[in-house]
Amino acid sequence: MILITTPGKVGSEAARLLAERGEAVRVLARDPAKAAGLSQVGVDVAEGDLNVPASIDAAMRDVTSVVLVSPAVPAQELNVVDSAARADVAHVVKITSKASADSPIARQRGQAEIESGLIASGLEYTLLRSNFYMQNLLMLASAISRTGRFGSSAGAGQVGFIDARDVAAVAAEIASSPDPHIGRTYLLTGPEMLSYAGVAATLTTVLGRSVAFDERTVEEDKQAMMSVGVPEPTAAMNAHAVSLIAEGEAAWLSDDVPAILGRQARTFQQFITDHRAAFS
Ligand SMILES: NC(=O)c1ccc[n+]([C@@H]2O[C@H](COP(=O)([O-])OP(=O)(O)OC[C@H]3O[C@@H](n4cnc5c(N)ncnc54)[C@H](OP(=O)(O)O)[C@@H]3O)[C@@H](O)[C@H]2O)c1
């Protein structure tokens, strides 16, 4: 049995792919109603909360492999690591980012703390270090459809965006056949680097109408995130992370997705084509 710790963007797609291959897969969900679609395709949905170790232990029954993905609050993910160690789980795939203990971004420091805890646990593991998800743009989709513009503090910085569905596909592949991937760290990106002006040009081409990119300050970016419901501390952290793109933080590519999946990673053009309705 493979346990996926949340039914978010990566977890729900990984669960769907594993169920499609006939693997026994369970997802822990604090609101099982949100995972109803996964139940329908054969995923076992276990109600639980990452803050409640007993609920994680219950979901860990008969589990051999874990896909550890969540908003990456250290205490919560380390609860999963402890539970997996108690249950003698064979392997953990950890979804992470460009984490380091001295990062100016709290979420990255949190990821580094979780990675250290996982490594210290003695469990076999694989780290998936992703670049920015293309799906982050969906937060701006309704504004783009209304105004034909969007902005950020990323300036002219380049990003090796990855489609979260490809992160899920890599996680599913490794969780079902972990042996060649034990102890490895992979860098997950799409096939190309784009600036946000390049994203606007791709939106213009695919949607067939003009979409413009506006350079914003970090404060303007934070306010824009809060205006679509992101809580203030998260908006501040995300805006800071986006502003680092201008300094080259996300200007990296890797061939790990095609090497593991045997196919190319999705392009931004493909992502927008698949989500055309959200932007229209
Ligand atoms: N976005 C990026 O650009 C990017 C880049 C690299 C790495 N990452 C990493 O990707 C991870 C996030 O993955 P994602 O985008 O798939 O997540 P997501 O779509 O934001 O979903 C988060 C999930 O976690 C659940 N959750 C939150 N708190 C919980 C709790 N206490 N107990 C149980 N479930 C809980 C949520 O449930 P509810 O629906 O009930 O809230 C939701 O299903 C993070 O580790 C992040 O650092 C992201």
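Take the conditions (1) more than 13 Å from the ligand (Cβ to nearest atom); (2) open to solvent by 60 Å² or more (accessible area, probe 1.4 Å); (3) not in a loop (DSSP other than H, G, I, E, B); (4) not small (Gly, Ala, Ser); residue 26 misses just one of them, which is (2). Taking the criterion of being of a type in the set (D, E, K, R) and assigned to a loop (DSSP other than H, G, I, E, B), the residues of the range 244-260 that qualify are 247, 249, 255.
The set of residues from the range 29-63 being among the aliphatic types (A, V, I, L, M) and surrounded by 17 or more Cβ atoms within 10 Å (Cβ to Cβ) comprises 29, 35, 38, 43, 45, 46, 50, 56, 59, 60, 63.
Inclusion of residue 40 among residues that are on the phi < 0 side of the Ramachandran plot and near the ligand (Cβ under 8 Å from one of its atoms) is not warranted. Note on the range 148-243: enclosed helices (runs of 4 or more DSSP H) holding 3 or more residues that are open to solvent by 50 Å² or more (accessible area, probe 1.4 Å) are 196-207, 218-227.
Report yes if residue 66 is surrounded by fewer than 22 Cβ atoms within 10 Å (Cβ to Cβ), modelled with pLDDT of 95 or more and either near the ligand (Cβ under 10 Å from one of its atoms) or within 23 Å of the chain's Cα centre (by Cα) (or both), otherwise no. For residue 66, the condition - surrounded by fewer than 22 Cβ atoms within 10 Å (Cβ to Cβ), modelled with pLDDT of 95 or more and either near the ligand (Cβ under 10 Å from one of its atoms) or within 23 Å of the chain's Cα centre (by Cα) (or both) - is not met.
The values are calculated or read from the model by the stated rules, or taken from the named source; none is laboratory data. Because the structure is predicted, anything quoted here is derived from the model rather than measured. Every residue, glycine as well, gets a Cβ built from its backbone with ideal geometry; the counts of neighbours run over all protein chains shown. When the accessible area is computed, the model is the full protein with side chains, heavy atoms only, and any ligands, DNA or RNA have been set aside. Shrake-Rupley method; radii C 1.70, N 1.55, O 1.52, S 1.80 Å.
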